[in-house]
Every structure is written in structure tokens, then in C-alpha cells.
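Here's the structure, in C-alpha cells; my notes come after.
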Amino acid sequence: MISTGTIFQREINAYFLSPIAYVVIAVFTVFSGYFFSIMLGITQESTLRYSLAYTQFILSILTPVITMRLLAEENKTGTIEPLMTAPVTDFEVVFGKFLAAWALYNIMVAPTAFYIIFLAWVGNPDYGAIIASYIGLVLMGGLFISIGLMVSAITKNQIVAAVIGIVALLILLVIGLASSGSEGWFYSALRYIGTYDHWDTFTKGIVDTRDVVYYISFTALLIFIVVRIVESRRWR
Amino acid sequence: MEMSTLNTKKNDWFEQFGGYIILAGIIAVVAGFGISRIFNLWGLSSLIPVGIGGGVIIGFSAVMAVRKNWFSSEASRRKALVGTNVAIMSVFAACIFAVVGFLNNRHYERFDLTLTGKYSLSPKTKNILKNLDKPIVVTTLFNPGEMFYEQILDILKEYAYHTDKIKVESIDPLRNRTKVEELAKRLNISDLQLNTVVFECGEHSKHVQQSEVIEKQYPFKFKGEEAFTEAILNVTQEKQSAIYFVTGHGERQFEDFDRGGISGIANALKRDNCRVVPLDILTAKKIPDDCEVLVIAGPTKAYLTEELNIIRNYLENRGKLLLMLEPALSPNAPTGFKTLLPEYGIAVRDDVVVYNKVNMPLFGIQTVAEIYVGKDEYAEEHSITNDLKNYNTIIFGACPVDASPPNDQMPYQATVLMRAPEGSWGEIDVANLRQKKPEYNIDTDVQGPVSLAVAAQVKELPKAVTQSHPAMANDPSAKPQGARLVVFGDVNFVTNEYIENPGNADLFRNSVNWLAQKETQLGISAKPPDFRKATINPIQMKVIFWVSIAGIPVIPVIIGSIVWWKRRR
């Protein structure tokens, strides 16, 4: 796990020594701030719930930008080869990169805590619901990052990685919405795979083990697949 | 030579379009599968694309493998094997994910972190849901833009979470007319109203309108749980419970919508799927056979002996009586129940309970004071009050109602439901209460703690049943089905004026449900919704808007610029 820490540090440095982290955080805070203030004005309710519904959409677009570089760049420049021959396991490489991107994601959403101050200023927010929302936000970030990481692992082009990542996340967002109201195992499966229902429960203030297990198991599945993809390069 | 090779490559359509054709095959398979799920059957429209698409994928992949010599060399063979290995491992992991998801959907827990338990249903609703034995289909016919649409879906999801007997389906009536028509056909009605929630159970159905879910007065409170639980009771219970309210002795009227009337509590009973009926005992000459609970709400005039005998007969035949006395109005007017109730282990006095700790300057009559009963020490264990101990029940001007000491000869056992707090007493000088401030007189007044309400029912019958209840002798079914009584020393607590106090309505409803032996409907009713209003003036809105879209984003921009500047140097 020391190697994971090293990889994590390297990636975090790469993020914060280049403009990408600051640009992504600034763009995210502009859009989330816009939706927060607009929804607060419309609903006149001291809650984050309605603005967070839009936050999921913004995150679907910005998270792949965080992850697009992670493995695609290594594949393109060929630095993946020395990394594979270094005394680190594939899992340590993948997990270190995952943790770094996840950390950036959490730093990116952290400024939204300012909104709680605003809510307390104009009303009496339900802090329990806000805590649940942030638990969901962190877990959802893990899933989004792992999807972006997987896309980055299968391509050499960062732009392609970002575009495919955005499309994949939007599909995940939409299939849950599109299948709501329909019965049968197929639609139930779609609803389960889609992120919308799981995220919505957290924003209401409910922590449901179904949603927690969904996010953790889906993230674990994707990290497992990424490790296998990286590992396969070793044998080619 | 080079030119001809290039031409050959250019003309090789397989090389040019092979990848796209395989992609088209994949799209055809996915489309076919999608069509089959949309129409919920495997017909030609779904089988053809799946078949053709599958054939194309397999065929073209095979040709491509041969042409590109995927398996000809050791290196390419290894590459193909590694790819296959990754694919198989990924599918295997996806299967584990699917199994985890399957189990996860069946065994789960929910934790409501909201401060007021906003999404937690009341214990009463949970109790009703736990005891459901028939499946219920709930269909929402709401335009998604409607007020409280989200809250309606949220709360219905909670219902479905607590029982697998409830299935919730949402239809957008403007977009899905076919489904609306199907529902109308199934319900055998010509037209369905928009913005309705339909509850179906077997042949019974109940339509809850949007107006029933929202309180009509501003600020439009959401009261979905009350309306939906009522609908569930309506469609699952075969018959309504008949609750008879006795009239003719100055009792409070359930058609009276004034502050002193009890129309609010009658509406609450109707929501619990009860039929509320007035009863003049002298005219009827008997208590109707379908009477599940007989309610006497604050009589101010005496009952005739004939009427008391009719009530006694009713009780002897396993009747259920809820009696609310009213001493403050006419303290010296005997109602006649003082002689009847001791037969059931209940003792009623004429004095008025005084609790002077609360100042009521506007009320004027200092003897009629608030009495809070929401504490453990003020009530004994009883299913009527067990869930209400965290709620204040406010009683105004009650008379003491006590349980007689246990007696082997008495088949009824009375339990005290509520007591006045420490410092209260029963004032015997009722006549002068309005003129002077009462003082506790140790010689004449009733010493506290004073009990305010009592519930009585048949206990384990002693071997020799008393002469006063010969009908119960050798009757093995007497114990669980005998008479039940609940007597309160006050009626004001259920009037429209005081019914909004947290524990008042539930105390009454629990008493009725306990008497009617509807044990599953005991508990606390739906609480008022927790709407956290934000009060924003225009300046605050401007500050929030600009700080959110410009103030906060500028921080990463500044930090990023500093980093960029330093690295540049």
C-alpha cells in the first residue's frame, strides 16, 4: 500500500501543478452556484435537495475531465510500460490513481459547503438531510471516477476518454429516469443500474443500504475490470 | 507495385466497413432486445434484429479474425487469449455484482437522517402496513409539474418500502393516455380525474384527489400520509366501523364546526374508515346491533334510568363505551353515570381538578388549567397511551375519574390512563370556582395525584363470578370479547378548539380503536409535514447569487493563478 500512496501523491501533484484541477473546480462552482441560488429563489425552501439534482448532471460532465488523463496519457506516451515493470502491483497503480481522482472530486464539491451557510442565513435547514446528501455525493463520486478510469484505460486519446466517459455517465443517469414507472425485471434492473434513484434517496435525507451497497459494489466492479485491463497489457 | 497495393486496400470494402458492420450488428442486437422488453414479448420485431445482428457479429468477427491472422502467430494468439481472459473475468465480476444487487434489493435497511423523521411514516401507518394481508396497487395520475408531486412519490415509496404488499406505479396522464385508458377500464369507470392517486385492492378502489393531500389554506401543508393511510383502510377493510354519538343530553355535536363542536374529531374518525352516526337512545329504544363504539361526549343533563338501562344492557352484551364527562359546565348536574360506572371498576367524582401552576390571564377562570399528561409517571401501561407519552395532552377542567381497587368479585379491571401532574387536587368547592381563586383545603379537597381517565375491560374471571354480571358466568368467550369502557373526566380536549394539541386527537382515536379492538390502528397518527421555509429578502438573494456564481469560483482561480505564476518563474 506504500506504492499506492506514492502513486496517489504523484497524481495529486500532477493535478494541482497543472491548471486542470483549478479550472474544473472553478467551472463546477460556477454552475453549481448558479443552480443553488436559482433553486433557492424558486422554491424558497432552505434545502440543498433541488440544487443537488442539477449537481449530478454537472458532475456527469466534469468527472470524466478529471479522469480522462489518468491511464489514456500513460497509454499514449508509453509511460505505462515502465510503470508495469516497476515493483508495484497493477491494483496499486489503479487504486492510487483512483484515490487521487476521488480526492480531487471531493475537493471540487467541498466549496458547496458554503451553501449551507447561506441556507442557515435565510432559514433553518435540515442538517440531517444535508449530511445524507454529502454521503451520497462522496459515494457517487467514487462510482463516477471508476467509470472515467475504465474509459481512460481502454483508450489512448484523452478527448475520446472524456467524451465516452460523459456519454456513459449520462446514459447511467438517464436509464434510471427512463425506466421509472415501468414494471418487470428488465426495468427494475435498469433502475438499479441507473444512478438517479440511488442519488435521489440520499438528497431526501435517507441513507438506504441498497444505495450504499450499489455505489460501493459498482465502484469495486469497475476497479476490478480496470485492473484486469491494465494487467492484460503486461501479457501482450 | 505500391500503387496497386494501395488500390487493393482502398477497394477492400471489408477492410473499410467491417468494423462499422460489426457495430451495426451490436446495435441491432441491443435494439431487438430493447423492443422485446418494451412490448414485453419476443415477437418477430425483436427476434429478427437480434438474429441478424447476432449473425453479423459472429460472422464478421470470424472473417476478421482469419483475415487479420489473429491466431496465426504465438504473439497474436496470446493477445487474443489475454483479451478473452479479461472479458471472461469481467463478465464473472459483473455476475457477482448482479448477485450482490439482487440480494441487496431484498435485505436492506433505511435510516432517515432528517431531523424530524420527515420520511418516516407514523407508527400507526407502519402498524397498518405490517398487518396488510392483501396486495394493493397504487397508481399516481399526476402531471410531474404539479404541486407536491415529488412529496407524493416520496411518501408512496416509503409505503412500498414498509410492505411488499404495495406496488406503486406512476402514470403521466398527458403522455401515456393508453395506460390511463387501461386503468379506467380495469376500474370499470368511464373517466379518471387527473392529479389523483388511485388505490386498488381486489374489487375495491379509492381515488385520493390532490385537494385531499394538500391543506386548502395557505401555506398549503402536505398531508399525504393521513390521506393515503385512510385510502388503504378504505380499500382493505370490508366494512366501516359504526361509531354512534349519543344526542339529547347537551352532548357535543359532531356536525358542530364551532370551537366547542367535535366535527374535527368526527372527520378524523371518518379518515380511519369509520361511519359516524347520531343516536337518540330514547327514540331508538336500544343501541343498534352494528354499533362498534358508543360515544357520549360531554352530557350536561341527566340520563333517564331507562336510557342507563339500555346502555347497561348494551355493555352486558359486550358493548364498547367511550364516555367523556364535563364537570366545568354543570358541576352539580348529575348525569347518572356515577351509579353505572362502579359496576365496571370506575369511580367518578363531582369535584373539578385544579392545577394552578399555569397562569391563564386571558382565560379568566383560574381553576380551569392546562394539564399536561405526556409523561411516564402520569399514566400506567396501556396500549391506548403507550405511544403517546412523548406528547402533551391538554385537558381543561376535568373531574377526577379513578380506577377502583382490585376486587376478586369484580370481573372488570380498570387502568388509569392519565393523571394530573404533582400539585393538582380535586376542588370540592365547585360552586365558587368562578368567583375566587381556589385554595387547596386538606380536609375537604381530593389530594393529588388525581387520575383523569380510566379504561376498563374484563380481567381473568374469578372462579365465582359476581352476581352483578350473571351473563358472564361460565362463558369462556367472555374474557376477550367482554365490554370495554374508556371514561375521561373531560370533553374539551376533543373539541375543535383544542384538538390541534399534539396528543389530544391521538388519545381519542386510540381510545376508539382500542374499544373497537382495532389493535393495528393504535399509535401516533401522521405528523404535520416539515417544510423549512426560507425567508429571503432581495438583498440577501443578490448576495447569495453573486457569491455563489462569482465569489466562490474565484478562489480556485486565484490559487491556480498563483501556482501557474510560481511555476512559470
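The values are calculated or read from the model by the stated rules, or taken from the named source; none is laboratory data. Because the structure is a prediction, the values reported are computed rather than measured. A quick note on method: Cβ atoms are made from the backbone with ideal geometry, for glycine too, and the neighbour counts reach across all protein chains shown. Quick note on the areas: whole protein, heavy atoms, side chains included, nothing else; ligands and nucleic acids left out. Shrake-Rupley method; radii C 1.70, N 1.55, O 1.52, S 1.80 Å.
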Can you tell me the 0 to 90 degree angle between the C-alpha axis of helix A:127-153 and the longest principal axis of chain A, rounded to 10? 30
Ignore the peptide's own chain and count Cβ atoms of other chains within 10 Å of each Cβ in B:81-91; give me the average, rounded. 4
Please figure out what share of the DSSP beta bridges in the protein assembly as shown is antiparallel and state it in percent, rounded to the nearest 5. 60
Per the 1.4 Å probe, what fraction of the accessible area of segment B:169-216, in percent, lies on carbon and sulfur atoms? 43
3J(HN,Hα) from dihedral phi, segment B:393-400, Karplus parametrisation 6.51/-1.76/1.60, rounded to Hz, x for glycine, proline: 10, 9, 10, 10, x, 9, 9, x
Here are some pairs, B:K320/B:K389; B:K338/B:K437; B:K126/B:K518; B:K389/B:K459; B:K118/B:K518; B:K126/B:K533; which of them have Cα atoms lying more than 20 Å apart in this structure? B:K320/B:K389; B:K338/B:K437; B:K389/B:K459; B:K118/B:K518; B:K126/B:K533
What accessible area, summed over both chains, is buried at the B-A interface (1.4 Å probe, Å², nearest 100)? 5400
Which whole-number percent gives the relative contact order of chain A, counting Cα pairs below 8 Å spaced six or more residues apart? 27
Shielding by partners - mean other protein chain Cβ count within 10 Å, residues of A:116-122: 4
FRET efficiency, B:S211 to A:I135 (Cβ-Cβ, R0 56 Å, nearest 0.05): 0.95
Residue-count net charge about B:L183 - beta-carbon cut-off 10 Å; Lys, Arg +1, Asp, Glu -1: -1
Using a 10 Å cut-off around each Cβ of peptide B:144-155, what is the average number of partner chain Cβ atoms that fall inside? 1
Would you calculate, for the protein assembly as shown, the mean residue ellipticity at 222 nm contributed by helices, counting each DSSP H stretch of 4 or more residues as -39,500 (n - 2.57) and dividing by all residues, to the nearest 500? -16500 deg cm²/dmol
Peptides B:137-147, B:241-251: what's the order by average Cβ count within 10 Å, highest mean first? B:241-251, B:137-147
Note, B:L269: beta-carbon cut-off 9 Å, +1 each Lys/Arg, -1 each Asp/Glu, net +3
How far apart, in nm, are two points set 7 Å out from the Cα along the Cα-to-Cβ line at B:K301 and at B:K533? 4.6
So how much slack lies between B:K130 and B:A24, counting 0.36 nm per residue of separation and subtracting their Cα-Cα distance, in nm? 33.1 nm
Please list log₁₀ I(q)/I(0) at q = 0.08 Å⁻¹ for the protein assembly as shown, using the Debye equation with identical point scatterers on the alpha-carbon positions. -0.86
Restricting to DSSP loop positions (anything but H, G, I, E, B) with no more than 15 other Cβ atoms inside 10 Å of their own Cβ, which trypsin sites (Lys or Arg not before Pro) remain in segment B:227-297? B:K239, B:R259, B:K285, B:K286
